[in-house]
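Below is one structure, written out as structure tokens, with a few remarks after it.
Taken together, the values in this text are just the output of simple stated rules run on the coordinates, not laboratory data. Note that the structure is a prediction, hence the values are computed from the model and not measured. Neighbour counts run over all protein chains shown; Cβ positions are idealised from the backbone, glycine included.
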Amino acid sequence: MFFGKREKEIDMGGFSSSKCRICKKGYRYKFVKTTTYLVVFFINLIPLSSKYESICDECGTIEPVNLKAGRKTARSEFARKNAKQNILTFLKITVFISVLAAAVILPLVLVKAPKPGPQFYKDLVSEDGLYNILDSEGNILATVAVEDGVKILSFYDATSVLVGEDGADGTFIKHEYYYEVSDNETGELRLERIADEPGILEDKYHTVIREYHYDAANDALGYARGIEDLSTIEYTSNKVTYGYIYYLSETDYENYIDVLYLENGTQLRATFIPLLPGGECNRIISFSVEIIENGRTVDQTIYEFDDDTIELAYSAGISAKSSADDILDFVENNTPNAVTLTCAYYKNTKVVTSISASQYGSTDAAETQRFDVTEKNGYYIQRAAE
Ligand SMILES: [Zn+2]
């Protein structure tokens with residue numbers, strides 16, 4: 001599936017609680033988190049919603065756990081697993097942005113004003129199907145679904161340059177995500193924020209700096225996960241260090257560090273988390289190597305470290321202070337799980353025409369998704385090939 005919704009179930013582990021109300025015997029439960037993701041290019045990309053369930057070890061009864069209690073249990077009983085999963089979700093969004101926007105070691109081309117609105121994008125397509133509308137930089141501006149001639153925007157990115165806060169130097173781009181809903185009574189279409197993924201902030205390297213929270217009471221973007229103070233980002237000529245805080249609630253958080261290494265023709269990213277939330281970020285959990293040619297990402301390998309490899313890397317002294325070469329050496333000698341994404345592009349743009357995913361070290365054929373791309377009024381219309 002390249003675009004749609006998919007549920008992913010994660011067995012978080014076992015925990016003890018009060019006596020099972022069904023069998024009146026069990027005290028031990030399996031805790032399962034099910035997240036519904038928006039799937040884009042095989043990647044479970046955007047978590048739309050989550051639910052939690054407990055399964056009695058004794059009788060197997062599955063009981064829903066309310067969201068608040070579920071989050072609390074995930075946090076208290078399975079801190080490490082929960083942190084890793086939350087952070088990987090955030091990283092996948094970064095990977096998605098960087099692959100699709102073909103992030104390069106060049107500043108972003110700032111958005112041209114005035115921007116076309118939703119109707120403009122809808123007018124670009126007519127046949128039944130699902131389309132992404134992109135600019136030449138590969139940014140997805142809108143997704144339009146046409147069914148029986150009726151056009152609905154299923155994704156709309158209102159893009160702006162961040163202004164009015166310390167450190168906002170004109171290079172930070174704010175994305176606010178909407179979709180179109182029809183009014184039950186009048187049938188009129190209106191844009192509504194995607195409540196579970198209302199928007200992000202990215203920097204000039206397409207690094208996702210913030211993931212915004214939807215403040216329903218004010219229908220606005222509320223406090224953010226990520227980096228609150230932009231001036232804490234350490235930009236040097238060959239390395240950028242980002243210190244993140246991933247809030248689960250206003251008081252509850254995970255912290256981690258991302259390091260972006262800028263080398264000639266490659267971009268390397270490493271993510272470090274603490275052993276326990278709030279501690280020193282000294283354990284590497286993910287590493288990616290992006291090969292760039294002519295300003296476009298040709299392939300990207302994303303390494304995900306299992307618990308043993310995380311401890312091995314820690315013992316080997318790998319930290320956020322390590323050089324890119326040290327991490328590369330470690331990865332070569334310890335081959336963690338990895339996926340390689342390979343991209344091809346339309347003419348001289350950064351609009352993807354095919355993306356292949358293959359498991360590192362596997363002889364299985366890559367899973368490839370191809371796209372038909374057409375050009376219209378300076379915009380690019382991408383449609384999944386059959
Ligand atoms: Zn039971």
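At 7 Å along the Cα-to-beta-carbon direction for both Glu127 and Ser16, put a label point, then send me their distance in nm to one decimal.
6.3 nm
In 10 Å bins starting at zero, report the fraction of Cα pairs in region 322-386 per bin as a rounded %.
Spelled out bin by bin, region 322-386 gives 19, 33, 25, 18, 6 percent.
Could you tell me which of the pairs Lys25/Lys72; Lys51/Lys174; Lys51/Lys204; Lys68/Lys204; Lys174/Lys350 are separated by over 26 angstrom between their Cα atoms in the structure shown? Let's see the in-between values first.
Values: Lys25/Lys72 24 Å; Lys51/Lys174 29 Å; Lys51/Lys204 35 Å; Lys68/Lys204 36 Å; Lys174/Lys350 20 Å.
From the list (Lys25/Lys72; Lys51/Lys174; Lys51/Lys204; Lys68/Lys204; Lys174/Lys350), the Cα-Cα distance tops 26 Å for Lys51/Lys174; Lys51/Lys204; Lys68/Lys204.
Listing Asp299, Asp123, Asp258 from the residue with the fewest other Cβ atoms within 10 Å to the one with the most, what is the order?
Values: Asp299 17, Asp123 13, Asp258 26.
Final ranking by Cβ density, sparse to dense: Asp123, Asp299, Asp258.
Using the Cα gyration tensor of region 80-384, with a ≥ b ≥ c the square roots of its eigenvalues, what is the shape: rounded (a/c below 1.5), prolate (a/b larger than b/c) or oblate (neither)? All intermediate terms of the calculation are to be shown ahead of the outcome.
Working: a/c = 1.82, a/b = 1.39, b/c = 1.31.
Prolate.
Between region 167-209 and region 210-224, what is the separation of their alpha carbon centroids in Å?
Comparing the Cα centres of region 167-209 and region 210-224, I get a distance of 10 Å.
Order these by the 10 Å Cβ neighbour count, fewest first: Ser160, Ser322, Ser76, Ser356.
Values: Ser160 14, Ser322 20, Ser76 11, Ser356 17.
Starting with the residue having the fewest Cβ neighbours, the order is Ser76, Ser160, Ser356, Ser322.
Which whole-angstrom value gives the distance between the alpha carbon centres of region 245-278 and region 302-355?
14 Å
Based on the Cα atoms of region 303-351, what semi-axes does the equivalent ellipsoid have, where each is the square root of 5 times one gyration tensor eigenvalue, given in whole Å with the largest first? Please list the in-between numbers first.
Values: eigenvalues 181, 35, 14 Å².
The answer is 30, 13, 8 Å, longest axis first.
Give the order of Glu375, Glu77 when sorted by the count of other beta carbons within 10 angstrom, beginning with the fewest. Walk me through the numbers on the way to the answer.
Working: Glu375 13, Glu77 16.
Result, fewest neighbours first: Glu375, Glu77.
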